[in-house]
Amino acid sequence: MIRPRRPVAVLGLAVLLAACSSVPEYAEPELPAQWFSRSQSASVAPQALAAWWQMFDDPTLTRLVSRAMERNPDVELAMLQVSTARAQLRQSRAALLPSIDLPGSASRQRIENDRDVPPGPLQDLGLDDDIRIENWELALQASWELDLFGATRARNQAAAHQLRSAEAEAIAARLAVVANTAQAYIQLRALQNQRQLLVEGMALAAELERIANLLFEAGEVTRLDVESAAAEHATLRADLSELDLNLAQAALALDTLLAQPPGTSAGELSGPAGVPLAKGPIPAGQPLDLLRRRPDLIAEAARLDSAESQSLAARRDLFPTLAIQAALGRSGMALNNELSSVSNFTRLGATFGLPIFDFGRRRSAIELADVAGETSYVAFRAALGDALEQVERGLAGVDGQRQRLAALQQMRAHYQRSQELADTSYRLGEANLQEVLNAQRGLLQARQRQLSGRTELATAQVALFVALGGGWQPDPAPATSEAGNAPGLGQTLNSAAAR
């Protein structure tokens, strides 16, 4: 009657173990097929945005970016985190292999004898006095815990995903330094050009103030006109002082990014140069491309895969364990330096463990691992949503700023024509000097607005490059699972993006 029940018991145990080893599954988030701001966009090759700062065609910017990537401490700290994760992975892999040791021991024991020993063999051995016993042992010992159900392999895979996450975070830190360097350089150049325009405006305001005084002396204008001209000149002088302060702060911020002594950028970048703009259209690709280009998404996906592997390892801890030990050595014993024995020995054994009752410790570990996985999944979805929003904002911002700059260029052209007409009228005696200066002031203000539009467009371009995950060349090969289980959500998404 027992035999027919054995297959049922074995089947029930198999079903129970299979249920214990299953990990939660997460639904893949939905991705739009195209960008809302650009209805027609093809997939972009990884190398298209690998060095986006070179698209600005500014050798100085390229040199500063290279220097920042070499010197910035944030990049160095991120690389140290990668080294830590790599060491943890090596430590995890070592748990799959046997360990070999060479332990040794020696002891000496002294027993006081307070009884008389009668004449005979015992007295000949010196046992009528205190007894001294010496033992020693030296052995080559090996132990190996067999990973029968994959708990150690699952933890090994979790460590591999953590390494991938650390590498992605290091790339993200590097890209952040590149973006901050480009933004700081653009702001510095914008402030330098703004200062040049402000100096021209001060010269124009001084001339207007001089003419106002002459006209007041001639009785053609009132004191109000004189004070207004003087107030405008004083306002520009105050603006110049504030601008010089902002310029010094921008140069110091760039020095900090480049990890160089304060004042270096102010000296190296003192020459005149315009605000650079990226040449040509920026390839946006498709939303699916973000999964293999954005290092923050890659890091979140790797953390999710790591959490799934940890959840699997926690479930595999419910399974039995088996360890094998073996030793080969030599031992000896001596009694009162008279009787000694030396021998070789070998040992071979195994240790078997079956978890039965631990007051819910292992079940709690499974719950904690599942909560960590759910947290990683929510974090991945949030990061993906932020990435999509940043790209949409970047696309709309670049297109809008490009149209605005085109309109500002047309406005400047009209003011340029107006100033030329005023000069011609003045030479013909049809306009006075104040009308010419007013036309020049209008042209100067148009140039300032055009500079502002150019700066905002360059800033928007950098933001779009960052949102698209540009600045490095990702490996299109998807990650493979070493733990023997199905790939996690992060691996699935990265594989889909690679295809």
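The values are calculated or read from the model by the stated rules, or taken from the named source; none is laboratory data. Source: prediction; values computed, not measured. Positions of Cβ are generated from backbone atoms using ideal geometry, with glycine treated the same way; all protein chains shown enter the neighbour counts.
So if I check each of Asp370, Asp399, which one is within 30 Å of Arg316 (Cα to Cα) and among the charged types (D, E, K, R)? Give the derivation first.
On the way: Asp399 fails: within 30 Å of Arg316 (Cα to Cα).
The unique qualifying residue is Asp370.
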**Item:** Residue among Leu388, Leu384 that alone is in a helix (DSSP H, G or I) and over 30 Å from Ser22 (Cα atoms)
**Value:** Leu388
**Complete:** Note on region 253-286: residues loosely packed, with under 14 Cβ neighbours inside 10 Å and part of a helix (DSSP H, G or I) are Gly267
**Message:** Can you report the number of residues in region 51-67 which are part of a helix (DSSP H, G or I), within 19 Å of Glu268 (Cβ to Cβ) and in contact (Cβ under 8 Å) with a residue 40 or more places away in the chain?
**Reply:** 7
**Message:** Go through (1) surrounded by 12 or more Cβ atoms within 10 Å (Cβ to Cβ); (2) under 20 Å from Glu435 (Cβ atoms); (3) small (Gly, Ala, Ser) for Ala218 and report which single condition fails.
**Reply:** (1)
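Among the residues of region 105-129, which ones are surrounded by 11 or more Cβ atoms within 10 Å (Cβ to Cβ) and modelled with pLDDT of 55 or more?
Scanning region 105-129 gives Asn113, Asp129.
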**Asked** Of the residues Phe380, Phe465, which single one is modelled with pLDDT of 90 or more, in contact with a Phe, Trp or Tyr (Cβ under 6 Å, 6 or more places away or on another chain) and crowded, with 17+ Cβ neighbours inside 10 Å?
**Response** Phe465
